[in-house]
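Heads up, the thing below is written out as structure tokens.
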Amino acid sequence: MAIETHPITLDTIDGLRLDGDLIASPGPHGAVVVCHPHPLYGGDRFNPVVDAVARAAAAHGWAAVRFDFRGVNESEGTHGGGVDERLDVAAAIDMVSMLTDGPIWLIGYSFGAMVVLSVTHPRIDGWVAIAPPLAAMPGDVLAATDHRPKHVLVAGHDQFSPPEATLPLLATWENTTHAELGTADHFLAGHLGAVGEFVVAALGD
């Protein structure tokens, strides 16, 4: 299966142009939107976790779109504190909706997980949240009460949201499963293969 990467541009409803990549093989059966960690701490679409997730999904027949949030690298605009970034995700959903009539999932790592969990677009089929910093970024999570499936990967030694703080919160969410990488910290170094396997399993492929 030949996987190709193509540069793309996303247009947000508030008039910004964002840089991204489409990673896919021909004839995808669905699509994923993959969102990166905090831009104020060096996060962008080339983050190793984001790259591993996008490529794992593409290798299993999904079209994967990753992009730089507003204000990151060559993407227009300024950082929006996780609020305006929801418009960036919506732009990506609009784009992948033109690629497939199949399922669309939102996937986010760290800050990106918090952003995607705040987007409840009717076109999406579910969420995958990788090391969401729920304890470090408290507040209501829109997806928590949504009936669609959510799969959460928790790092056993997460510096920002350890299991003892994260799991009680997840217990209150609807239609949510979780897995724990016991030896991993928030940055998941050395665990990229396991993260990719978690994502592929969550997508049902």
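The values are calculated or read from the model by the stated rules, or taken from the named source; none is laboratory data. Here the structure is a predicted model, which means the values were calculated and not measured. Because the Cβ atoms are built from the backbone with ideal geometry, glycine has one as well, and the counts that use them run over all protein chains shown. The protein model used for the area step is the full one, side chains on, heavy atoms only, and it has no ligands, DNA or RNA in it. Shrake-Rupley method; radii C 1.70, N 1.55, O 1.52, S 1.80 Å.
If the requirement is being touching a residue at least 60 places away in the same chain (Cβ under 8 Å), of a type outside the set (S, T, N, Q) and open to solvent by less than 50 Å² (accessible area, probe 1.4 Å), which of these qualifies: Leu170, Leu188?
Values: Leu170 fails: touching a residue at least 60 places away in the same chain (Cβ under 8 Å).
Within the list Leu170, Leu188, the selection yields Leu188.
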Within the set of pairs 6+ apart or on separate chains, which have a first residue in the range 128-151 that is surrounded by fewer than 20 Cβ atoms within 10 Å (Cβ to Cβ), a second that is of a type in the set (A, V, I, L, M, F, W, C), and C-beta atoms under 7 Å apart? Ala135/Phe160; Ala135/Ala165; Ala136/Phe160; Met137/Met114; Leu142/Leu117; Ala144/Trp173
Applying the selection to the range 93-127, what residues are more than 20 Å from His186 (Cα to Cα) and surrounded by 22 or more Cβ atoms within 10 Å (Cβ to Cβ)? Val96, Ile104, Trp105, Val119, Ile124
Please work out which residue is surrounded by the most Cβ atoms within 10 Å (Cβ to Cβ), limiting yourself to the range 11-51 and to residues that are over 24 Å from Met98 (Cα atoms) and small (Gly, Ala, Ser). Gly43
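State yes or no: is Arg86 among the basic types (Lys, Arg) and either open to solvent by less than 30 Å² (accessible area, probe 1.4 Å) or closer than 15 Å to Ile23 by Cα (or both)? Before you say what the answer is, go through the steps one by one.
Details: among the basic types (Lys, Arg): yes; either open to solvent by less than 30 Å² (accessible area, probe 1.4 Å) or closer than 15 Å to Ile23 by Cα (or both): no.
Judged against the criteria, Arg86 is not a match.
With the condition being in contact with a strand residue (DSSP E or B) (Cβ under 7 Å, 6 or more places away or on another chain) and among the charged types (D, E, K, R), I'd like the strands (runs of 3 or more DSSP E) fully within the range 104-163 carrying at least 1 qualifying residues.
Working: elements: 104-109, 126-130, 150-157.
By residue number, 150-157.
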